[in-house]
1. Would you work out which of Leu299, Ala157, Asn234 lies farthest towards the positive end of the dipole of segment 131-378, given +1 charges on the beta-carbon of Lys and Arg and -1 on that of Asp and Glu, about the Cα centre?
2. I need to check one value: relative contact order of the chain, counting alpha carbon pairs closer than 8 Å and at least 6 residues apart, in percent.
3. When only Cα pairs under 8 Å and 6 or more residues apart are kept, what is the percent relative contact order across segment 3-118?
4. Please compute the volume of the convex hull spanned by the alpha-carbon atoms of segment 3-118 and report it per residue in Å³.
5. Once the principal axes of the Cα atoms of the chain are found, what is the range along each, listed largest first in whole angstroms?
6. Using a 10 Å cut-off on Cβ atoms, rank the peptides 188-198, 138-148 from the highest mean neighbour count down.
7. Need the C-alpha centroid separation for segment 305-332 versus segment 183-222, integer Å.
8. Note down the magnitude of the dipole of the chain about its Cα centre, charges +1 on Lys and Arg C-beta and -1 on Asp and Glu C-beta and zero elsewhere, to the nearest 20 debye.
Amino acid sequence: MNLLELASGFATEGTPQRVEPLGAGNVNATYMVEVAGGRRYVLQRLNTAVFERPDLVMANLDTVVRHCRQRLDADTPSADRAPWQVPSPVPLRAAQVELDAPCHLLRHGDGAWRMITFIEGAHSLDCLQHSREAQEVGRALGRFHALIHDLPAEQLADTLEGFHVTPRYHARYLEVLTAGATGASAVAQRLADPQAQACVAFMAARQDLVPVLEQAREVGHLQLRPIHGDPKVNNVMLCNATGCAVAMVDLDTVKPGLLHYDIGDALRSGCNPAGEETTDLEAVSFDLDLAAAMLRGYLHEAGAVLTRHDIAHLYDAIRLLPFELGMRFFCDHLEGDLYFKVSHSRHNLQRALVQFRLAESIEAQEPELRELISVLSDS
């Protein structure tokens, strides 16, 4: 079955005419589908090595979409907000319904395919260059959190158990590191690289950072709530005409978690103008102006749902997330690039070095960041 045939299994408003690759995600294969009449959709093959229960992914998506729509229908329109759009699953055509339940997931061979409505008249950015862009990205995440904050977390399945739970990633890393100490293994060979040794030393010096958010959750200072799970910059859609945020996309990773993982990941993604794929480590830095704009936008939309403990742990989140992602990239490099897509054998090592350099830049600006958080949260 080719991609056009797969797309034809969904109840689109018109016959699929063209399919082409979309984006450069690290997990799912993603395509743009154009149908007769010009409307577009997003077709994805869910990576079942990552999402072992794609049916639960779709159930979560359906729950979140319905909740957001109910909230948006009840909201009073605001002059300072662009109309918010929710990317929604497209059902299967009647002839395909018996293939799976619920009827938004098409299984073909060992693949699990789904289709989502496309956000028209909008675009995403891979890197932020201006404070206005950063503020809108912050507002997008804040509005998403505000829309779903009253959705009980227990209504969502944990489709990625351990995702954004830093101590679990660290435990796995230590297992891989121990295996690499045995001698002539492939892991040992990768660990012999001087840049790999620099990564090992970097993480060893920051082991106290690993449990900071989970310990706060365990003592009741932070609570599990619905989160996006992957709120990087290019998952925010900005209106082509106004530049205002109009949607958050890529909702596969929606699950119960800590808001701090979302906030930290958004700033990690947005406040390094060099981007996470750069090969120029000297260009990597955490831009405090972009951070200020992003936090200002976020708190404008979601400040009312944050507690004093949430605010108190914002700096920890901002520092932790690049460390966590760098650890994940490095561990994947040691294991032979099993999780993230790579274009060469040192790709994940290079990605790890970028994240660790970003974490260093954050640490160097700790006083300024803490002061910024204090001022913005009080305003």
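Computed from the coordinates by the stated procedures, all read-outs in this text should not be read as laboratory data. Model, not experiment: these values are computed from the prediction. Glycine gets a Cβ as well: all are built from the backbone with ideal geometry, and neighbour counts include every protein chain shown.
1. Positive-end residue among those listed: Ala157.
2. 19 percent
3. 28 percent
4. Enclosed volume per residue, from the Cα hull, is 130 Å³.
5. Its Cα atoms span 57, 56, 38 Å along the three principal axes.
6. 138-148, 188-198
7. Spelled out, the Cα-based centre of one part sits 14 Å from the other.
8. The calculated dipole for the chain is roughly 480 debye.
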